[in-house]
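The values are calculated or read from the model by the stated rules, or taken from the named source; none is laboratory data. Everything numeric in this text was worked out from a predicted model, so none of it was measured. FYI the Cβ positions are ideal-geometry reconstructions off the backbone, even for glycines, and counts take in every protein chain you see. Side chains included, ligands, DNA and RNA excluded: accessible areas come from the protein's heavy atoms. Shrake-Rupley method; radii C 1.70, N 1.55, O 1.52, S 1.80 Å.
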Amino acid sequence: MSRPVRLLAGLLAVLAIGLVGTANPAGATPGPPDAPEWWFDSWQVPQLWAGGANGSGIIVAVIATGVDAELPELRGKVLPGADFIGNHTDGRTDFDSEDFSHGTAMTSIIAADRGFGNIEGLAPGVRILPIAVPLHGVVRHGTPPSNATAKAIDYAVGHGAKIINMSLGGVRDETEDGPDPCPGAVQQSVLHAIRAGALVVAASGNSGDDNSPVEEPGVCLGVVSVGAVDRNLDVTSFSSRHPYLTVSAPGDNVPSLSRNAAYIGEGTSQATALTSAALALIWSKYPHETNRQVLSRLLDTATDRGPTGRDPSYGYGVIQPAAAIATAAPAATAKNPVLDAVQPLITSAAGIPRLAAAGAAHPRLGLYQVRPPRTGPDGRLITLATLAIGALLLALVLLARYRRQRRSPAVAGAA
């Protein structure tokens, strides 16, 4: 659910952010000049960190293409994880077939120390649990098991993840996939995660310009589904509109690290990563609160946009982690529309072998909609079409720094 747009900056701008010469002051807004991480200012992130909310003590599972743990900006933050693609790794290899390196990119948005490209993660104190899954058309190699997504969620729960980031999605079709918008195995795993006290965060999709088809796992009950807004807090055109959308977060002009370089991109993937990081900030400040209380803080303080209350474009609003941290503690039984929807299923010993079976009423049945054919894959890479001769010469000067971002030979051999 990410749309990498271009290589980091025009290369002349790269020089300005200190890869060869002077660096920005440590307290300045992170990010390259043409894609500053403006939410650091809007959300008063340095003050949150100083007050003890930097993600410390929280494990965030990143279910994606794997994570390149050798990047200096991620070193020491990435735990051994799992590979459900079938390559027998521990998740610390990124198998994205494109240079964008989806799992590494989302991890950098969440947790990177400031370094290459002046890029910095929102919650640098977290530990990342990398879990590689076979994203269709994106991940190369491997022979994946069945129900890989459900198994990835279960693995995350079993290895201590409090927040499960799923910057991904698969279109569901009623004719092809049956009446349940969410696959039964995935829904069961989401319920398992919530029972265990975790939160599952997923992208809403990048098909706002293509009639917003239903996508899982964002449609699954109990999932925090995330849409994308720009710097003006306006919903982006590509962000999928859904009646089940939970919140929105920055997803336009977002810088991130790859295996080899850096990109400026857009997508609900990026918005999902920032939402997961925001939840980590809240939870690190209030480590004894439950998943219900932490999520209630986020929902209760979101900036309402569009029609009053929940709407398909913004959900309950645009997240505001500083306000969420400053608000009074929600009651342990506080009303929470996301978790209230699944409470009967969580407390049921039988669970839901099939939500639509035996006439059972699924709150999200009937969400399918007719859509035109898809025009192309999400996550396409659009690099700068042309480079001036001077920029090409500058690239040679910067080559040594780009090489530093490459994987070690041992890891490269597995990809």
- Item | Residues of the range 94-109 that turn out to be over 19 Å from Ile163 (Cβ atoms) and open to solvent by less than 10 Å² (accessible area, probe 1.4 Å), as a count | 5
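Here is a check on your reading of the model: is Gly160 under 15 Å from the mean Cα position of the chain (by Cα) and open to solvent by 10 Å² or more (accessible area, probe 1.4 Å)?
Details: under 15 Å from the mean Cα position of the chain (by Cα): no; open to solvent by 10 Å² or more (accessible area, probe 1.4 Å): yes.
In short, no.
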- Can you tell me which of Val247, Val214, Val235, Val229 is over 28 Å from Ala69 (Cβ atoms) and in contact with a His (Cβ under 8 Å, 6 or more places away or on another chain)? Val214
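Let me confirm something: among Ala323, Ala341, which residue is open to solvent by 30 Å² or more (accessible area, probe 1.4 Å), modelled with pLDDT of 95 or more and either over 24 Å from Tyr286 (Cα atoms) or out of contact with any Asp or Glu (no Cβ under 6 Å at 6 or more places or on another chain) (or both)?
Working: Ala341 fails: modelled with pLDDT of 95 or more.
The unique qualifying residue is Ala323.
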- Go through the range 32-57 and give me each residue that's open to solvent by less than 10 Å² (accessible area, probe 1.4 Å) and among the hydrophobic types (A, V, I, L, M, F, W, C). Ala35, Trp39, Phe40, Trp43, Val45, Ala53
- Note on the structure: Taking the range 247-267 and keeping only residues that are within 14 Å of the chain's Cα centre (by Cα) and among the polar types (S, T, N, Q), one is left with Ser248, Ser256
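Condition first: modelled with pLDDT under 75 and in a strand (DSSP E or B). Now tell me which residues in the range 123-147 satisfy that.
Here is the first cut: in the range 123-147, the residues modelled with pLDDT under 75 are 136-143.
Within the range 123-147, just Val139 meets the criteria.
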- Query: When Cys182 is evaluated against the numbered criteria (1) out of contact with any Cys (no Cβ under 7 Å at 6 or more places or on another chain); (2) part of a loop (DSSP other than H, G, I, E, B), which criterion, by number, is the only one it fails?
  - Reply: (1)
- Would you say Asp68 is surrounded by 19 or more Cβ atoms within 10 Å (Cβ to Cβ), of a type outside the set (Val, Ile, Thr) and at pLDDT below 95? no
- Task: Please find, within the range 172-186, the residue that is most open to solvent (accessible area, probe 1.4 Å) out of those that are touching a residue at least 60 places away in the same chain (Cβ under 8 Å) and either under 24 Å from Ala271 (Cα atoms) or charged (D, E, K, R) (or both).
- Result: Glu174
- Task: State the number of residues belonging to the range 78-93 that are out of contact with any Asp or Glu (no Cβ under 6 Å at 6 or more places or on another chain) and more than 14 Å from Ala161 (Cβ to Cβ).
- Result: 9
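If the requirement is being over 17 Å from the mean Cα position of the chain (by Cα), within 23 Å of Glu216 (Cβ to Cβ) and not acidic (Asp, Glu), which of these qualifies: Pro130, Pro80, Pro145? Walk me through it before giving the result.
On the way: Pro130 fails: over 17 Å from the mean Cα position of the chain (by Cα); Pro80 fails: within 23 Å of Glu216 (Cβ to Cβ).
Just one listed residue meets the conditions, Pro145.
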- Message: If I ask for residues that are within 16 Å of the chain's Cα centre (by Cα) and open to solvent by 10 Å² or more (accessible area, probe 1.4 Å), which ones from the range 110-127 would you list?
- Response: Glu120, Pro124, Arg127
